[in-house]
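What follows is one structure encoded as C-alpha cells, with my remarks underneath.
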Amino acid sequence: MLTELDEWFATEVLPHEGMLVRYLNRVWPNSAEVLDLRQDIYVRVYESARRALPTSPKAFLFATARNLMTDRIRHSRVVFIDSTQDLDNLNVLIDEISPERRLSARQELRILAQAFDLLSEKCRNVVWLRRVEGLSQRDTARRLGLHEGAVESQLARGVRALAQAVFGSTDGAELRAATVDAQHGSENE
Amino acid sequence: MARSYGLRQWTLNMDPRMNSADVEASAAAWFARRASDDWNATDQAQLELWLSSSTAHRIAFVRLTAAWESSGRLNALGAGVPSGTIPPRNTWAFGAVSSAPAAETTPERLQSLPEPARPGEARIRKSDDIRAASRPLFSRHRRAIAAVLVAAAAGSIWYLSTAHEKSYRTQIGALAAVPLSDGSKVTLNTDSEIHVAVTPTERRVKLDQGEAFFEVAKDAARPFIVEIADKRVVAVGTQFSVRRDHDDIRVLVTDGRVRLERHGSSSGAPQTQIAAGSEARTTQTAVLVDQPAPAQVEQLLSWRAGYIIFRDTALADAVVEFNRYSARKIVIADPAIAGIRIGGNFRSDNANAFLWLLQSGFPIRVEQRSDRVILTKR
C-alpha cells in the first residue's frame with residue numbers, strides 16, 4: 001500500500017534521520033522540540049517532493065531544516081538559536097558526502113541486534129516470534145501466554161524502537177563507531 | 001481494545017498542532033493492528049482515511065513500515081537457532097557496544113596534571129589516576145570544554161609549609177567543574193582563575209579573575225573563604241556565585257548565607273551579611289545589596305549551563321557579556337545602535353548565532369574581521 005513517493009521517502013530521506021536529529025539537537029536550544037521539528041521538516045520535504053522530486057534529497061532535507069528553523073525564529077519573539085556557523089559547516093558536509101555513505105550489511109545487523117536486545121523482555125519475545133519466526137499475532141499470543149491485544153501493543157512498541165535504530169543511526173558518529181567496532185571485531189575473529 | 005486505542009489517538013491528532021510522539025504512537029498502533037489476524041476492509045478504509053488526513057500521519061506510518069521491512073535482517077540472527085526458542089540477550093557478538101551519542105550529554109571533563117603526592121595521600125592519588133585514565137581526557141563533544149588545570153608547587157603564598165595549593169584556570173569561552181577535596185564543588189566560568197587551599201582548619205579560594213559558582217560542603221569547623229582583592233566572602237555550607245570585574249565583585253547567594261568583609265578587617269570593620277536570594281555588589285566605597293527576582297537569578301546563573309540570557313538588555317551590555325566568552329571581540333562602531341534592547345537565550349560559546357540574529361532582525365550590519373567583529377547601523 002506504499003506509494004512510489006513513500007518508497008522514495010523511505011530510501012532517500014529517512015536514512016539521513018540520524019544526522020538530521022543530531023544536527024537539530026546541536027543548533028536548536030530546546031531539545032524537547034526536536035522531534036516535532038523533525039516531523040515538520042519531513043512533512044515539508046514530502047509535500048514538496050509530491051510536486052517534484054529534489055535532485056539531491058539529502059541537501060534538500062537539510063536546506064528544508066534550515067528554512068523551517070529560520071521561519072520559527074522569525075515568527076517567535078524569542079530570539080533563540082545556536083549557530084549559523086553550524087549551518088555553513090553542514091553545507092560543506094553535504095557537498096563532501098557524495099556518493100552517500102551507507103552502512104554495510106554487517107553494521108546494519110549489529111545496530112539492529114543491539115536495539116533488539118534493548119527491548120523489554122515481553123516486547124523482545126513478541127518481535128522475535130513475529131518478525132523472525134513469522135508467527136501470526138494469534139499464535140504469538142498463545143505461545144507467550146498473552147492476550148492478542150498485548151501482543152499488538154508490544155509490537156507497536158517494538159516497531160518504534162526498531163525504527164529509531166534503523167533510521168536514527170545510519171550515518172555520522174554511529175557510522176564511524178560501527179566501522180571502528182566492525183574492524184575491531186574482525187581482528188578478534 | 002487495541003482497536004479503539006488507535007481511533008482515540010486519531011481523534012487526538014486532529015489537533016492542528018500535532019505532537020510528533022502522539023503521531024508516532026498512533027502510527028505504531030495502526031501498524032500493529034494491520035498486522036493482526038482479523039484485519040478487514042473496514043479497518044483498511046479507516047487506515048486510509050487516517051493516512052490521508054495528514055502528511056505527518058502518512059510519513060510516520062511509512063517510516064515504521066520501512067523500518068519493519070529493514071528489520072527483516074534480524075532473520076539472519078535466527079540462523080542456527082532452533083525454531084520456537086527465543087535466544088537470550090547478548091547472544092550475538094558484534095564487538096563492544098558503542099554509545100557514541102551519550103558523549104553529547106556528559107558533563108565537562110577536566111584534564112589534570114599530576115601533582116606531587118603527599119605520603120599519606122599516595123593510595124588515594126593512585127586510585128584517582130586510575131579513574132582519570134579510564135575516562136577520555138577530552139570529551140568528543142564538539143563544544144569540548146577546554147579547561148586547563150595547573151598544579152601549583154607545594155607551599156603557597158598562604159601556607160608556606162603545611163598546605164598545598166591548587167590553581168585552576170579556564171580559557172576564554174570555557175566552563176569547568178572543579179571538585180574540591182572537601183566535597184565542595186566550584187564551577188568556573190570563562191577566563192577565570194582560582195587558587196585553592198584546603199587545610200584542616202580552613203578552606204580558602206582566591207578568585208584572581210572571572211566568575212565562579214560555589215557549592216560548599218557543610219563543615220562548620222572549616223569556614224569556606226573566597227578572597228577577591230581586599231574582600232572576603234565567608235561561608236560555611238551554602239551556594240553562591242562570585243563575579244569579579246577588576247576589584248569590584250558581585251556575590252549572588254542561592255542557598256544559605258555568606259558574610260562579605262574587607263580583607264584584613266577586624267571585628268570593627270564593616271561586614272555585610274548576604275542571605276539566600278540576595279545579590280551584593282561592591283564599589284570602592286560601598287556595598288549594595290539587592291534582592292533580584294527569580295528570573296533575574298536564573299539569568300545571573302545561566303552561564304553554568306552555557307547560556308547567556310538577556311531580558312530587555314541594551315546591545316552594549318549584551319556585547320560586553322559575549323566578549324567575556326570570545327577572544328575575537330565584538331565592537332559597536334556606531335553609538336546609535338548601542339541602546340537597542342534585545343532579549344533571548346544564547347549559547348555563550350556561539351556569538352555567531354547572536355550576530356546572525358542581530359543582522360537578520362535588527363537594522364545592524366555585521367562586519368566580520370579576522371581579529372574582531374564590527375557592528376554598524378544599516
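What follows draws every value from the coordinates through simple rules; no lab data is involved. Quantities reported herein were computed from a predicted structural model and do not represent experimental measurements. Ideal geometry is used to build each Cβ from the backbone, glycine not excepted, and the neighbour counts take in all protein chains shown.
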Footprinting exposure proxy for B:377, B:166 (fewest neighbouring C-beta atoms within 10 Å first): B:377, B:166
Could you list the trypsin sites (Lys or Arg not before Pro) in segment A:31-73 that lie in coil according to DSSP, counting only those with at most 11 other Cβ atoms within 10 Å of their Cβ? none
Segment B:217-332 - charge dipole about Cα centre, Lys and Arg +1 at Cβ, Asp and Glu -1, debye rounded to 20: 280
Fewest to most Cβ atoms within 10 Å: B:272, A:11 sort as A:11, B:272
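If neighbour count is taken as other Cβ atoms inside 10 Å, put B:38, A:117 in order from fewest to most.
Values: B:38 10, A:117 15.
Ascending number of Cβ neighbours within 10 Å: B:38, A:117.
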